[in-house]
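Data first, discussion second: the structure below is written as structure tokens.
The values are calculated or read from the model by the stated rules, or taken from the named source; none is laboratory data. What you see is a predicted model; the values in this text were computed from it and never measured. Methodologically, a virtual Cβ is constructed for each residue, glycine included, from the backbone with ideal geometry; neighbour enumeration extends over all protein chains shown.
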Amino acid sequence: MNKKLLLLFVFLIAATGINAQQKKADKATEAFRYEIECAGIGTDGTYLIKVWSYSKNAKFAVTQAKKNAVHGIIFKGFSGGAQGCVSQKPLASSPNIEDEKADFFKSFFADGGDYMKYVSESSDGNIDAADRVKVGKEYKIGVIVSVSKDALRRYLEESGVVRGLSSGF
Amino acid sequence: MKKNIIKNALVLIAFFSMSFTFAQAKKPTIMVVPSDVWCNTNGYMMVFDNQGTKTKIPDYKKAFQENADLLLVIGKINTMMAERGFPLKDMGAAMKSLESESAENSMLTSKTGSGVVENPIDKLKKVAKADIIMQLTWTLNTTGPKKSVTFNLQGLDAYTDKQVAGAQGTGAPSFSAELPVLLEEAVLAHLDNFNAQLQKHFDDLFANGREITVRIKKFDSWADDLETEFGGKELSAVIEDWMAANTVKGRFSTTDSTENMMLFEQVRIPLADANGKSIDARGFIKGLQDFLKKPPYAITNKLMTKGLGQATIVLGEK
């Protein structure tokens, strides 16, 4: 009986810890605590980007990368550089939209939310050694992902979050 | 009772569909056009003698018939714009359609044998045109075996001559990629930024009204001119007062004003009139035409327009 209770106690502590780490990772996303750089010209309708995420647990940094990628494409944009990359502006014309449409984005960026439909990992989960950096107590992990920006923009337009090019005409 | 409910529902549906129709602004047409620089570099120019001066003009027909890369780039841009819900006017197709229309006009006769009337101005206006021109230029750079493409896309408002959007840059040099691949990459890399600026231009249009150009001219047969006084006020001042009263927030610039002509630029007109009907330069300046026709001015005048954003009133005759 005692063993069972102990196991349950350990399980609860582990679950709470995981939940806390996820919340921390989500807070980092909301605070734009991630970096995005272009990783090449993606195929038609997609952006190929490398997302640098921070977490004490390397595994969380990898899973949060997809959320950060979609968040960044909507609100942050990214700068150009090598591989023929050109700086791209964010899909949202105003950064205030995140606050104005808080309810929409809360469910959109929830775990397993709709954002998952528009992003996929390009490296099959393998992280290059150079993309795994220990900064103080945290890991800074770089993951290459592909974001279906055309489909994402269409979804945001249909949801009334951003204006379409032909809106009003 | 049932009949009344259906009747009320129908009235409501009609009302909402009318409001929806009226709330829409007139959609500008956009067309991709190769720039003069590109046509000159690639040998698609015509030379003609303009009263002793050799003048070069782009030969678009030849460019569209001979350059497959041009078709590829324009086709790619058209496809991507259509995906954004904004299909473009195709220049090659517009030119063909004008040619076939000219052929049809020359053959068209009524049952009594009358032909279609076309004056010199009508002929001059028969060119492929759009409200916004996407001017396209690219150059192929070679450094040893490496190739890269410098790409330049400019969105020009056909009436105000302002650049309303643009995207420029040079792609990554490549040893192996073919020119069409480099061009396709350039379009993919630059079009989103171009569209972001175009969106800003449209947002400004919805917030501050459409920007148009208005010209006032006079026929030489008219005895009066723009300095003629009506109730102690010169006609040019009367027209300026009308513009101030009817433009959005009174915004317009009188660029030129003489006794024979006036040029108004940066004229901001509302997208819909007082009845909620969407208007363009023609709809707006029709108000001035009617105003001048009425007493005390009673000036007969002719109204001509070009697309959505340019209007000219010629005073004195029809």
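Numbers below:
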item: From the options B:Thr254, B:Thr160, B:Thr213, B:Thr150, residue that is assigned to a loop (DSSP other than H, G, I, E, B), on the phi < 0 side of the Ramachandran plot and hydroxyl-bearing (Ser, Thr, Tyr); result: B:Thr160
item: Positions within region B:164-173 being assigned to a strand (DSSP E or B) and more than 17 Å from B:Arg268 (Cα to Cα), in sequence order; result: B:Ala165, B:Gly166, B:Ala167, B:Gln168, B:Gly169, B:Thr170
item: Members of region B:102-128 found to be touching a residue at least 12 places away in the same chain (Cβ under 8 Å), surrounded by 10 or more Cβ atoms within 10 Å (Cβ to Cβ) and assigned to a helix (DSSP H, G or I), listed by number; result: B:Ser102, B:Asn105, B:Lys125
item: Residue under evaluation B:Gly155, criteria (1) surrounded by 20 or more Cβ atoms within 10 Å (Cβ to Cβ); (2) at positive phi, criterion not met; result: (2)
item: Residue among A:Ala58, A:Ala92 that alone is over 26 Å from B:Gln197 (Cβ atoms), small (Gly, Ala, Ser) and more than 9 Å from chain B (Cβ to nearest Cβ); result: A:Ala58
item: A:Gly112, sole failed condition from (1) small (Gly, Ala, Ser); (2) touching a residue at least 12 places away in the same chain (Cβ under 8 Å); (3) more than 14 Å from every other protein chain (Cβ to nearest Cβ); result: (2)
item: Some residue of region B:84-101 being more than 18 Å from B:Lys129 (Cβ to Cβ) and over 21 Å from the mean Cα position of the chain (by Cα); result: no
item: Residue in region A:67-95 that is surrounded by the most Cβ atoms within 10 Å (Cβ to Cβ), counting only those that are at pLDDT below 90 and under 23 Å from A:Gly160 (Cα atoms); result: A:Ser93
item: Any hit, region B:193-214, residues being surrounded by fewer than 16 Cβ atoms within 10 Å (Cβ to Cβ) and away from chain A (no Cβ under 14 Å); result: no
item: Residue list for region A:46-66, filter: surrounded by fewer than 21 Cβ atoms within 10 Å (Cβ to Cβ) and in contact with a Ser or Thr (Cβ under 6 Å, 6 or more places away or on another chain); result: A:Leu48
item: Lone unmet requirement of (1) farther than 17 Å from B:Gln135 by Cα; (2) in contact with a Gly (Cβ under 8 Å, 6 or more places away or on another chain); (3) more than 13 Å from every other protein chain (Cβ to nearest Cβ) for B:Tyr159; result: (1)
item: Matching residues in region B:97-131 - criterion: being away from chain A (no Cβ under 14 Å), modelled with pLDDT of 85 or more and within 30 Å of A:Gly45 (Cβ to Cβ); result: B:Ala130
item: Qualifying positions in region B:166-192 - farther than 27 Å from B:Thr29 by Cα, free of Cβ contacts under 8 Å to residues at least 24 places away in the same chain and more than 7 Å from every other protein chain (Cβ to nearest Cβ); result: B:Ser176, B:Glu178, B:Val181
item: Test for B:Gly276: is it modelled with pLDDT under 95, surrounded by fewer than 18 Cβ atoms within 10 Å (Cβ to Cβ), within 24 Å of the chain's Cα centre (by Cα) and small (Gly, Ala, Ser); result: yes
item: The listed residue being in a helix (DSSP H, G or I), under 24 Å from B:Leu156 (Cβ atoms) and not assigned by TED's automatic domain parsing to the domain that holds B:Val187, out of B:Lys61, B:Lys56; result: B:Lys61
item: Answer residue from region B:292-308, given it is over 25 Å from B:Val127 (Cβ atoms) and crowded, with 16+ Cβ neighbours inside 10 Å and is farthest from the chain's Cα centre (by Cα) among those; result: B:Tyr297
